[in-house]
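Colleague: Just dropping this structure here.
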Amino acid sequence: IKSELGIISGKNTPNKLIIQKVSKNDNIVLEGVEFQLWLKSDGQEKANTYQTDKNGRITVQRLAPGTYCYQESKTLDGYILDSTVREFTVASDGKINGQTSITITVENDYIKLDLSKVDASTGGYVAGAKMALYKGEEKVASWTSGNSAYRIEKIAAGEYTLVEEAAPNGYQLAESITFTVVNKAEVQSISMKNLKYTDLTVVKKIK
């Protein structure tokens, strides 16, 4: 039995490597994430590419002895690519890091976006505004502002427009804001300011 990575014969201990891909914090399994796997001595140019299944797993069996490297090469929209190159060793008896079967769990962090509606004068949160977020012509989210930022997680990178569809009582309708969401783990924050209407009293005197 042969492969590009090299396969041990049936006389040796059959081995199994499982790469488990999950979302950070919530441990949701991620289907469709790609990894490259290669024998270190061969170099990455001879890597094989694998994709996680519906259970978030890549399974490789009967690896020949040697030191191997693996690296995430493509992730899902809304997640941060983990480009760390990791290693493991297959011994002459076929065991991987001393075990016949090994599962390696790799987490993916994700994009986090905080959208705030604030008073232009005080900087405090403004509740009751009808808000919407668009990507091009598509509305991707809608909500009513409250006394904290509205968070969207695992949103794809790209250009978005924040729109106030209806202002709360006493406030003017704000202009839309166009901004870019980038691929990074740190929270990205956007604030839209509301101006209050000013009461004007006119006193008419008769001479």
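The values are calculated or read from the model by the stated rules, or taken from the named source; none is laboratory data. Quick caveat: nothing in here was measured; it's all calculated off a predicted structure. For neighbour counting, all protein chains shown are included, and Cβ atoms are generated from backbone atoms with ideal geometry for every residue, glycine included. Heavy atoms of the whole protein, side chains included, go into the accessibility calculation; ligands, DNA and RNA do not. Shrake-Rupley method; radii C 1.70, N 1.55, O 1.52, S 1.80 Å.
Colleague: Suppose we keep only residues that are closer than 19 Å to ILE80 by Cα and charged (D, E, K, R) within the range 15-52. Which one would you say is least open to solvent (accessible area, probe 1.4 Å)?
Modeller: By that ranking, first place goes to LYS21.
Colleague: Also: Which one is modelled with the lowest pLDDT among residues in the range 1-35 that are part of a strand (DSSP E or B) and within 12 Å of VAL60 (Cβ to Cβ)?
Modeller: ILE7
Colleague: Let me ask another. Look through the range 159-172, keep the residues that are free of Cβ contacts under 8 Å to residues at least 40 places away in the same chain and either in a strand (DSSP E or B) or closer than 22 Å to ALA185 by Cα (or both), and return whichever of them is least open to solvent (accessible area, probe 1.4 Å).
Modeller: Taking the range 159-172 and keeping what is free of Cβ contacts under 8 Å to residues at least 40 places away in the same chain, we get 159-161, 163, 165-167, 170, 172.
Filter once more, so that each one left must be either in a strand (DSSP E or B) or closer than 22 Å to ALA185 by Cα (or both): 159-161, 163, 165-166.
Details: GLU159: 118, TYR160: 7, THR161: 37, VAL163: 32, GLU165: 88, ALA166: 39 Å².
Ranking the candidates gives TYR160 first.
Colleague: So how many residues does the range 173-193 have that are open to solvent by 60 Å² or more (accessible area, probe 1.4 Å) and outside any loop (DSSP other than H, G, I, E, B)?
Modeller: Within the range 173-193, residues that are open to solvent by 60 Å² or more (accessible area, probe 1.4 Å) and outside any loop (DSSP other than H, G, I, E, B) number 5.
Colleague: Here is a further query. Suppose we filter LEU76, LEU81 for residues that are assigned to a loop (DSSP other than H, G, I, E, B), under 20 Å from ASN183 (Cβ atoms) and open to solvent by 70 Å² or more (accessible area, probe 1.4 Å); which single one remains?
Modeller: LEU81
Colleague: State all residues of the range 53-73 that are open to solvent by 80 Å² or more (accessible area, probe 1.4 Å) and under 27 Å from GLY158 (Cα atoms); if no residue qualifies, say none.
Modeller: Start the filter on the range 53-73 by keeping residues that are open to solvent by 80 Å² or more (accessible area, probe 1.4 Å), which leaves 54-55, 57, 61.
Listed by number, the list holds a single entry, LYS54.
Colleague: Collect the residues in the range 84-124 that are of a type in the set (Val, Ile, Thr) and open to solvent by less than 40 Å² (accessible area, probe 1.4 Å), keeping them in residue-number order. Full working, then the answer.
Modeller: Of all residues in the range 84-124, those of a type in the set (Val, Ile, Thr) come to 84-85, 89-90, 96, 100, 102-106, 111, 118, 122.
Selection gives VAL90, ILE96, ILE102, ILE104, VAL106, ILE111, VAL118.
Colleague: I would also like to ask the following. Among ALA156, ALA132, ALA141, ALA127, which is at pLDDT 95 or above, open to solvent by less than 30 Å² (accessible area, probe 1.4 Å) and assigned to a loop (DSSP other than H, G, I, E, B)?
Modeller: Exactly one of ALA156, ALA132, ALA141, ALA127 is at pLDDT 95 or above, open to solvent by less than 30 Å² (accessible area, probe 1.4 Å) and assigned to a loop (DSSP other than H, G, I, E, B), namely ALA156.
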